[in-house]
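Read the structure below first, then the notes.
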Amino acid sequence: MMASRAWLIAAIPLLFAAGCQKVFGDFRVDDAAFNASGSAGKAPCGDGSGNCKPQICAPGDFECSGAALRTCNADRTGFVQVAVCEAVALCDDAKGECTPPACAPAEFHCDGAVLGVCNANRNGYDTVDTCATAAYCSGSEKKCNAAPCTPDEYGCNGVELQKCATDQSGWHTEKTCATPALCNKAAQDCSPPFCMPGDFHCDGAELQICNGSQTGWLDQMPCATDGLCDAVAGMCLPPVCEVGNFVCALNGDVNRCKRDRSGYELKVHCTSQAFCNSTDGVCNPVPCAVGDYQCSDTWLQTCKADRTGWDNYTQCETAALCNKDKKRCDGVVCEPGDHNCSGADLLVCNDSRSGYVKTTCSSAALCDAQHTQCDICVPGTYSCDGADLHLCDTSGQANPVSQTCQSAALCSEANGKCLCGVGEYRCAGSVLQQCSADQLGFDDGPDCGDMALCDASHGVCIPP
C-alpha cells in the first residue's frame with residue numbers, strides 16, 4: 001500500500017514545471033500519460049486561439065471517485081486516475097494516497113470477549129457478539145464457542161498468532177504476522193508474504209499492485225496494451241500511436257504503428273515522400289497531386305505545390321478524428337474518463353475520443369458508473385448461499401463469506417446476520433440466555449451464579 005509522503009505534495013508544482021516524471025506514494029505518473037489522456041493539443045484559455053479548455057484544478061490537487069484516487073492532469077483541465085484503493089473509505093484526497101486497510105473483508109477479530117467482523121469500509125470492526133470470556137471468542141472460527149479454548153490450541157486473531165493458555169483463561173500471542181491473511185494456525189506459524197507493499201506486476205495489459213493482505217495482486221488499471229504496462233515504473237505508459245495508423249517519413253518510408261502501440265516500425269520504402277500514402281500505408285505509383293489530402297497520424301496533410309512531398313495542414317486531437325475526405329478534423333465526441341450507464345450498458349469514452357466503448361453488464365443494478373466497471377454484486381448488500389452469509393464489499397468486485405450460520409434457514413440477508421434458532425439457549429458467563437422472539441439476538445435469563453452451572457444444551461441452571 002502507499003506510504004504517506006507529505007513532502008511530495010509540496011514538490012509536485014516544481015515537478016510539473018520541470019515536465020519530469022512524478023511520484024505519488026508508490027505510483028509514478030508520467031506527464032506524457034496525462035497528455036495522452038485527452039489534454040494534448042489543448043491551449044490554455046485566453047491565448048486567443050479559440051481552442052481551449054478551462055483549467056479546473058491545480059498541480060497537486062487530488063480527488064476521489066469512489067475508490068479511485070485521481071490527480072490533476074498536466075494541462076489542469078481535468079483529473080486522471082493514479083490508483084485504486086481497496087475501499088471507498090480508504091481513498092484520501094487530502095493526503096493524495098490510499099490509506100492501508102485495517103482488516104480484510106469478512107475477517108473476524110476478538111477484542112477480549114468481543115467478537116467483531118471487518119466493516120464494509122475496512123477501517124475497523126463491527127461487533128458481532130460478546131462471548132462469555134476471551135477464551136470463548138474465536139476469530140479463526142468466526143464465532144463464540146460453546147466451550148473455552150483447549151490448552152496449547154492455536155488460533156489467529158487479526159495479525160496475531162495465538163495459543164490458548166494452559167489454564168484456559170484466554171489466549172497468548174506467540175507471533176505477529178505481516179497481515180491477518182498470513183496467519184496460519186494449522187502450521188502454527190506466519191506464512192511468508194507473496195509480495196511486498198508497493199510491488200507492481202503486469203498481467204498482460206493489466207497493471208497490478210500487491211494487495212493489502214500481501215497474498216497476491218490487485219488490479220489497478222488496464223493499460224492500452226501489454227507492451228505499455230511498466231511494472232518497474234508502476235504505471236501505464238502512454239500509447240504513441242493507434243494500430244492501423246501510418247506516417248510518411250521525409251525519406252519516403254511508410255511507417256506503421258507497432259502492435260503494442262509503443263512507436264512506429266518500417267513497413268515499406270517509397271521512391272520519395274511524394275509517393276508515400278499514409279492513409280492506406282502503401283507507395284503510390286505516381287506522386288501526389290496538388291490538392292490531394294491525406295492523414296499522417298494526427299496530421300491532416302496536403303500535397304506540396306511542387307509535388308515533392310507533403311505539408312502539414314492542421315493537427316487533429318487524435319488520428320481517428322483526421323478526415324481527409326472532408327479535408328478537416330472531426331470534432332471530439334467525448335473526453336477520456338467520460339463514462340455513464342445506459343440501463344445495463346456501461347459506456348466508456350474510447351482512446352480516439354471519437355465515441356464510446358460499450359460493455360453490457362449482467363443487469364442495470366450491476367452497471368457501476370462510479371467505478372467504471374460491471375459489479376458482481378451490489379456494494380454493501382448481504383446475500384445467502386445456503387448457510388453462508390455473504391457481504392458484498394465496497395468495490396462491488398468481491399462477495400466474501402461474512403458468517404456461516406447453523407443452517408440455511410437461519411441465514412438472513414434482509415437482516416445481514418445469522419439468526420438464532422427458536423428455543424436455542426446459550427451461556428454468557430454465568431447468565432443463561434434464550435433466543436429472542438425475532439431471532440435477532442439473545443435475551444438474558446437467570447444468572448446461574450457460576451459459569452459451570454449454566455447448561456445451555458438443556459436450557460437450565462444446574463442446582464449447586
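Here, each number is a calculation from the coordinates, and none is a lab measurement. The structure presented is a predicted model; accordingly, all values stated were derived computationally and were not measured. All Cβ positions, glycine included, derive from the backbone under ideal geometry; neighbour counts span all protein chains shown.
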Alpha-carbon centroids, the stretch 198-226 and the stretch 252-318: separation in whole Å: 38 Å
Residue 149: net charge of surrounding residues, Cβ under 12 Å, Lys/Arg +1, Asp/Glu -1, itself excluded? -2
Sequence ranges 175-182, 287-294, ranked by mean other-Cβ count within 10 angstrom, highest first: 175-182, 287-294
Computed over the stretch 337-413: relative contact order in percent, which uses C-alpha pairs under 8 Å that are six or more apart: 21 percent
Return the long-range amide H neighbours of residue 143 (sequence gap of 5 or more, or a different chain), with a cut-off of under 5 Å between placed amide H atoms. 138
Please compute the net charge surrounding residue 325, taking Lys and Arg as +1 and Asp and Glu as -1 over other residues with Cβ under 14 Å from its Cβ. +1
Can you give the angle from 0 to 90° between the axis of helix 6-18 and the longest principal axis of the chain, with both taken from C-alpha atoms, to the nearest 10? 10 degrees
As straight-line cross-link partners of residue 417, the qualifying lysines (C-alpha separation under 16 Å, not fewer than 8 residues apart within one chain) are 142, 143
How about residue 324: which aspartates and glutamates have a C-alpha closer than 16 Å to its C-alpha, ignoring those fewer than 8 places off in the same chain? 280, 292, 297, 311
Local electrostatic count, residue 61, Cβ distance below 10 Å [Lys/Arg +1, Asp/Glu -1]: 0
Lysines near residue 95 by alpha-carbon distance under 17 Å, same-chain residues fewer than 8 away left out - which ones? 22
When you count, for each residue, the other Cβ atoms within 10 Å and take the mean per peptide, how do 135-143, 456-464 rank with the highest first? 135-143, 456-464
Helical contribution to [θ] at 222 nm, DSSP H n ≥ 4, -39,500 (n - 2.57), averaged over the chain, rounded to 500: -1000 deg cm²/dmol
List the relative contact order of the chain as a percent without decimals, with contacts defined as Cα pairs under 8 Å and 6+ residues apart. 7 percent
